[in-house]
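The values are calculated or read from the model by the stated rules, or taken from the named source; none is laboratory data. The shown structure was predicted, so the numbers you read here are calculated from the model rather than taken from an experiment. Cβ atoms come from the backbone with ideal geometry, glycine included; neighbour counts cover every protein chain shown. The area values use the complete protein model at the heavy-atom level, side chains included, leaving out ligands, DNA and RNA. Shrake-Rupley method; radii C 1.70, N 1.55, O 1.52, S 1.80 Å.
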Amino acid sequence: MNGSFRRLALRTLAITAALALASAALVIYDPVDVLAAATCGQYNSHTYTHNRHTEGWCIDPSVGYYSYPNSTSIGSSYTLNCSKCKKPTTLSLVGGAQKTFIDPPFNDHKSPDGVFWVSIFGTHSGCYKQYANWWGKFEGFCTNTITAPSTAAPPSTSSPSTPAPTPPPTPAPTPAPTPAPGFLSIQSVSLSPSNPTPGQSVTATVTVRNTGGQSKTGTVSLNRTSTPASRSVSLNAGVSTTVTFSFTAPSAKGSFSVSATADSTSSSTGTVQLPGFVSVVSVTPTSYTRYQNQTATVTVRNTGDQSVTKSVSFSISPRTAEIGTQTQSVTLNGGQTTTLTYSFVSPEAGSGFTITVTADDTRTVTASLSGTAYLPPADYSTGTEIQWTETDPHNKTISTTGGPAAYPCTRYFTYRATLNAPTVTLTPPTLKAGYGFEVSASASFTVVQQAYGCQGNCTAWTTRAHTAAVTPPATLRAHLSWPSVSYQMRDGRTRTQPTTIVLDTVSSTATSRSWQAPQNPISETLLRRIYTHVDMRGTASSPQSHAVTFEFTGGGVSGRPLAWNTSAGRSIRINGVMYEDDYTGSW
């Protein structure tokens with residue numbers, strides 16, 4: 001202690017002795033212990049001890065002494081007597097801001113000024129509860145009123161004094177936190193394209209953000225760049241931006257890494273891929289028949305890594321009978337294979353020809369020729385099948401190095417018409433001799449294109465409708481296996497049913513015709529029936545079948561000696577004779 005402090009201490013001891021003699025109601029404690037007990041009683045179930053260095057409870061004992069009753073009631077208010085204090089006006093926090101001390105209120109006393117220090121723990125109804133090692137300073141003299149703590153107060157021999165009203169505390173302002181410094185964080189690195197070809201230009205887009213609390217200026221760098229390799233950025237707190245760099249992809253196939261660095265580092269991986277390349281793998285077949293419609297199969301493969309769309313052209317040489325250069329578009333993923341087909345007419349002369357297919361590369365195949373030049377099949381008719389050939393002679397203009405040239409050629413189209421199985425129905429199929437039966441019959445045909453080809457330098461049509469008219473059979477005849485039937489009519493004349501009967505047409509379309517039996521002259525009412533002979537064999541117990549042959553003729557291809565000629569056999573059954581029915585009259 002310095003000299004001034006020692007004088008204050010002596011003065012305090014003298015005053016303490018005087019007060020002890022002057023008032024029996026006031027219990028005098030050692031200033032250190034009384035202040036410790038009075039200030040925080042039994043809060044938190046313990047008593048705070050005196051700090052004995054120069055920032056102690058009492059620098060000058062003349063500040064005064066404190067006391068409270070020996071017994072206290074929880075929640076009651078008591079007067080803490082300060083013999084020599086002056087009401088404090090401010091509380092200074094060491095290392096902190098100034099705060100106004102208003103809890104509890106103090107009564108002024110006319111006593112000398114004094115100074116003492118207390119440990120600041122925050123206010124609680126007049127008791128200071130420890131919060132941190134900050135020290136405050138009271139200046140002046142006071143009488144302090146406090147509220148009894150939540151646990152029993154320590155014994156006191158003093159009588160309670162009248163509590164003074166407690167004004168609300170003034171909240172201490174919270175010091176503003178110091179913002180964190182700026183920090184440039186690399187959020188992402190993206191590449192375009194991410195799968196470049198060797199040596200291709202690549203753009204790297206870097207997203208950078210200031211994740212700190214203050215503005216920041218810094219440098220963003222990329223590890224694979226052409227000049228410049230870095231960019232300067234300046235960002236406020238929380239702000240993002242993008243920075244782009246350009247560089248050249250590696251010249252070799254494989255993965256590569258790109259990283260961007262500011263205050264943090266982020267990377268991205270790219271893959272160098274070979275560009276798509278459509279290669280012609282094969283052309284088949286390599287041998288053809290001379291002057292025929294042909295089909296070649298071409299196999300192509302993308303030997304690169306990237307998807308590609310490419311035109312694949314096909315041509316033959318010499319150009320005789322050629323259909324020109326054909327082109328097809330194909331899209332293939334890396335490593336994918338597919339096949340294409342091309343139709344053409346093989347040359348009519350020579351021992352071979354050349355096929356050329358071009359994609360990203362070119363494949364040339366020498367094909368051999370065999371056989372004779374294309375000749376259309378001959379016309380013929382089998383009765384149920386008719387074949388004929390139609391021609392289309394014309395000139396074809398082909399571009400040559402000397403200019404366009406016209407070449408004669410002839411196309412051939414072969415057709416085949418087939419007669420479907422005719423239908424013939426006899427009603428009734430079983431009857432007695434002398435009675436008649438009805439006939440219902442039809443015939444139809446279908447036409448298909450059988451072949452095609454050409455002679456000369458022309459293009460073969462793969463399909464073409466026939467121009468010749470084709471008609472169904474024109475005539476249907478019924479040939480009976482029993483003798484002709486004669487009948488004397490009521491007018492005295494005799495009429496006869498022959499053994500061959502021409503049926504009447506009922507309807508006709510472009511591809512079909514139907515028939516029925518004609519009106520029979522031996523029928524008094526001209527019924528459309530064919531009559532059996534009364535002498536035909538057959539009984540109920542032993543019925544007999546009798547044949548009827550139906551012959552379809554005529555029709556065919558107009559303007560050509562090609563016609564239908566086929567037959568269909570049917571039969572009827574005789575199971576008795578009409579006289580068994582004792583029937584008279586015309587049937």
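Below is a table of values for the structure above.
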| read-out | value |
| --- | --- |
| Exposure of T425 as accessible area (Å², to 10), given a probe of 1.4 Å and all protein chains | 70 Å² |
| By accessible area with a 1.4 Å probe, ligands and nucleic acids excluded, highest first: order of T499, T414 | T499, T414 |
| Solvent accessible area, Å² - T178, 1.4 Å probe, full protein context | 120 Å² |
| Surrounding net charge for D392, when Lys and Arg each add one and Asp and Glu each subtract one, Cβ distance under 14 Å | +2 |
| Built amide H within the under 5 Å cut-off of V548, gap 5+ | R570, S571, I572 |
| Protein-only accessible surface order, largest first, of E524, E390, E580, E438 at 1.4 Å | E580, E438, E524, E390 |
| Sequence of H394, H466 when ordered by accessible area, the most exposed leading, probe 1.4 angstrom | H466, H394 |
| For S221, net neighbour charge (Lys/Arg +1, Asp/Glu -1) across residues whose Cβ lies under 15 Å away | +1 |
| Nonlocal amide H pairs with E385, under 5 Å, H built at 1.01 Å | L419 |
| Potential lengthening between T475 and N575 on full extension [0.36 nm per residue; Cα-Cα distance subtracted] | 32.9 nm |
| In Å², nearest 10: area of T463 left accessible to a 1.4 Å probe | 110 Å² |
| Computed label-point distance, nm, for sites D535 and T463 using a 7 Å Cα→Cβ extension | 6.2 nm |
| Under the Karplus curve 6.51 cos²θ - 1.76 cosθ + 1.60, θ = phi - 60°, whole-Hz ³J(HN,Hα) for region 325-336, x wherever Gly or Pro sits | 7, 9, 10, 10, 9, 9, 10, 10, 6, x, x, 7 |
| Gain upon complete extension [S287, S257; 0.36 nm per residue less C-alpha separation] | 5.5 nm |
| Neighbourhood net charge (13 Å Cβ-Cβ; Lys/Arg +1, Asp/Glu -1) for Y487 | +2 |
| For region 475-581, diffusion coefficient by Stokes-Einstein and Kirkwood Rh (Cα), 10 °C, 1.306 mPa s, µm²/s | 99 µm²/s |
| Cα→Cβ-extended label distance, 7 Å offset, between Q516 and S317, nm | 7.2 nm |
| Hz values of 3J(HN,Hα) by residue in region 502-519 - Karplus curve (6.51, -1.76, 1.60), Gly and Pro given as x | 8, 7, 8, 6, 9, 8, 8, 10, 5, 10, 8, 8, 10, 9, 8, 5, x, 5 |
| Approximate spin-label separation T500-T299, in nm, with each point projected 7 Å along Cα-to-Cβ | 6.5 nm |
| Phi-based couplings in Hz for region 173-190 (Karplus 6.51, -1.76, 1.60; Gly and Pro marked x) | x, 7, x, 5, x, 7, x, 5, x, x, 9, 8, 9, 7, 7, 7, 9, 10 |
| Square roots of five times the Cα gyration tensor eigenvalues for region 203-329, Å | 58, 13, 11 |
